[in-house]
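Single-structure report; data block below.
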Amino acid sequence: MTARSTEVREIPYASYGAAGEAPYGVPYEELYARVHAEAYGPLGDEARAWLDAARAAAADRSPGWELRFAEAGRHCAAPDAARVLLLAAARPAADTVTRLYRQGSAAERRAVLLALPHLDPAPAEGVPLVEDALRANDTLLVAAALGPYAARHLPPHAWRHAVLKCLFTGVPLAGVAGLEGRARGDGELARMLTAFAAERTAAGRPVPEDLHRALTLTEEL
């Protein structure tokens, strides 16, 4: 079978509105370009050839592309980005995305979460993966879960608690996509942040600096 070009299939941005604009002004073309640069930047010729072949196999959904997804850490210096490129090339069905997440290693689950903005599964299929990651004690999973997909689809109650979990576990709020847009004017989030700060103060614990930044955002209109 002749390998098909991957250039068109790997940029699934058409469904995100005018000019591929994502929520809160994040262009998905730019997001994809960053991932591509991260994946390929540190690679030598041999690793670059491996990733090219793996992307072509994923785009054709050839037998074994999922194995290459799992093996990316052996060949690529930035395996998270490489795995995102493979998923973006394959555009797997939602049940496959769920299986790769549920059965994958922590690194593979993280890559699935990072790929959600590029795959854009329906909320009924993608949000449960985000919610599962937010229940984990792995702060890298938590951080990966709170990308542009969560900014767009995570319900308000769950999103507010995700912000609190970041503060509690030390995940920087700078990595929470859409924070400014979703926190702005959110009175309920302000109430939760104020209560959390009071609890920390009463227990003699420092209040995270990020909390003050988030609280300031809630006061903006």
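Please verify whether segment 94-115 includes one or more residues that are closer than 15 Å to Glu38 by Cβ and open to solvent by less than 20 Å² (accessible area, probe 1.4 Å).
Yes, segment 94-115 contains at least one residue that is closer than 15 Å to Glu38 by Cβ and open to solvent by less than 20 Å² (accessible area, probe 1.4 Å).
Please find, among Ala107, Ala90, the residue that is touching a Gly at 6+ places or on another chain (Cβ under 7 Å), over 15 Å from Leu154 (Cα atoms) and touching a residue at least 12 places away in the same chain (Cβ under 8 Å). Let's see the steps before the verdict.
Values: Ala90 fails: touching a Gly at 6+ places or on another chain (Cβ under 7 Å).
Answer to the check: Ala107.
So which residues in segment 33-45 are more than 21 Å from the chain's Cα centre (by Cα) and free of Cβ contacts under 8 Å to residues at least 12 places away in the same chain?
Gly44, Asp45
When the residues of segment 191-209 are narrowed to those that are closer than 11 Å to Leu164 by Cα and either small (Gly, Ala, Ser) or at pLDDT below 95 (or both), which ends up surrounded by the fewest Cβ atoms within 10 Å (Cβ to Cβ)?
Within segment 191-209, the match that is surrounded by the fewest Cβ atoms within 10 Å (Cβ to Cβ) is Ala195.
Any idea which of (1) within 24 Å of Asp138 (Cβ to Cβ); (2) part of a loop (DSSP other than H, G, I, E, B) is the one Pro63 doesn't satisfy?
Evaluating Pro63 over (1) within 24 Å of Asp138 (Cβ to Cβ); (2) part of a loop (DSSP other than H, G, I, E, B) leaves (1) as the failure.
Restricting to segment 167-190, and then to whatever is surrounded by 12 or more Cβ atoms within 10 Å (Cβ to Cβ) and either among the acidic types (Asp, Glu) or touching a strand residue (DSSP E or B) at 6+ places or on another chain (Cβ under 6 Å) (or both), can you tell me which residue is modelled with the highest pLDDT?
Filtering first and then ranking leaves Asp186.
Filter segment 84-93 down to the residues that are in contact with a Pro (Cβ under 8 Å, 6 or more places away or on another chain) and surrounded by 20 or more Cβ atoms within 10 Å (Cβ to Cβ) and list them by number.
Ala88
The values are calculated or read from the model by the stated rules, or taken from the named source; none is laboratory data. Quick caveat, the model's predicted, so the values are computed rather than measured. Cβ coordinates were reconstructed from backbone atoms using ideal geometry, including for glycine residues, and neighbour counts include every protein chain displayed. Ligands, DNA and RNA are stripped out before the accessible areas are found, and what is left, the full protein with its side chains, is counted by its heavy atoms. Shrake-Rupley method; radii C 1.70, N 1.55, O 1.52, S 1.80 Å.
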